[in-house]
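Step one of this worksheet: look at the structure below.
Each reported figure results from applying straightforward, stated rules to the coordinates on display, with no laboratory input. This structure is a prediction, so every number in the text was calculated from the model and none was measured. Here Cβ is always computed from backbone atoms with ideal geometry, including for glycine, and neighbour counts include all displayed protein chains.
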Ligand code: SF4
Ligand code: SF4
């Protein structure tokens, strides 16, 4: 899942200064699970804004809504939602950075009589897993060429502080990373796992450096599934 954290309130408040109709739009997917931008967090931000406005004698109107996903047209093509967006001076999106951009593009495509301003309420941090209650850890950098089958299911790119692809740097101590003593050395974990799997020979295969260019023609990566196109 994509993990995010809410921005400090003062930063969000500064984005809506001067606006009188504010729509807070939550996202019902990843950021709901990591408790950063779902229904509850929308309500909390709405209450904080109303309180701050009241204190300042500001009559700004705050409306709250949640779309199941902001990164998919299907969940934004909702007439009442589009009407609310049209009516607002600004939309505070509580989705990840993908959702903020997609919602902004979508609303500006379907609403032609004004330009819609969509601003982020979250800092999108990483793709990660839920490790404990209230704790998420980064697990994938989306490198586009997964090597987990060779590394016992542990990602060296994400979990090694130096993103080493061909074994440890030699600096680990008692299984901990030399860069951060609280973090397990990814290569220590990989070697232990490969040993348990009987796959230590994987270490003899040299993994070539990655082509980190987003795509050979430049620009952001795309996935196109021709079989799903209508
Ligand atoms: S190798 Fe690591 S960063 Fe690349 S896709 Fe696999 S898990 Fe993600
Ligand atoms: S100690 Fe381990 S995790 Fe840390 S940088 Fe070296 S190989 Fe990577």
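Points worth noting:
- Subtracting the Cα-Cα distance of residue 83 and residue 33 from 0.36 nm times their residue separation leaves 15.3 nm of extension gain.
- Multiplying each eigenvalue of the alpha-carbon gyration tensor of the chain by 5 and taking the square root yields semi-axes of 42, 22, 14 Å, largest first, rounded to whole angstroms.
- Per residue, the convex hull around the alpha carbon atoms of segment 95-136 comes to 74 Å³.
- Taking 187, 212 and counting other C-beta atoms within 10 Å, the order from fewest to most: 212, 187
- Restricting the calculation to Cα atoms, segment 2-126 shows an Rg/Rh of 0.94 when the hydrodynamic-style radius is the Kirkwood one.
- Rounded if a/c under 1.5, otherwise prolate or oblate - segment 78-178, Cα gyration tensor axes: prolate
- The gain in end-to-end length when the residue 110 to residue 228 segment is fully stretched comes to 40.1 nm, 0.36 nm per residue minus the alpha carbon separation.
- Once the Cα gyration tensor of segment 12-58 is diagonalised, semi-axes √(5λ) in Å: 23, 10, 8
- Extension gain, residue 149 to residue 5: 0.36 nm times the residue separation minus the Cα-Cα distance gives 48.7 nm.
- Prolate/oblate/rounded label for segment 143-204 (Cα gyration tensor, a/c 1.5): oblate
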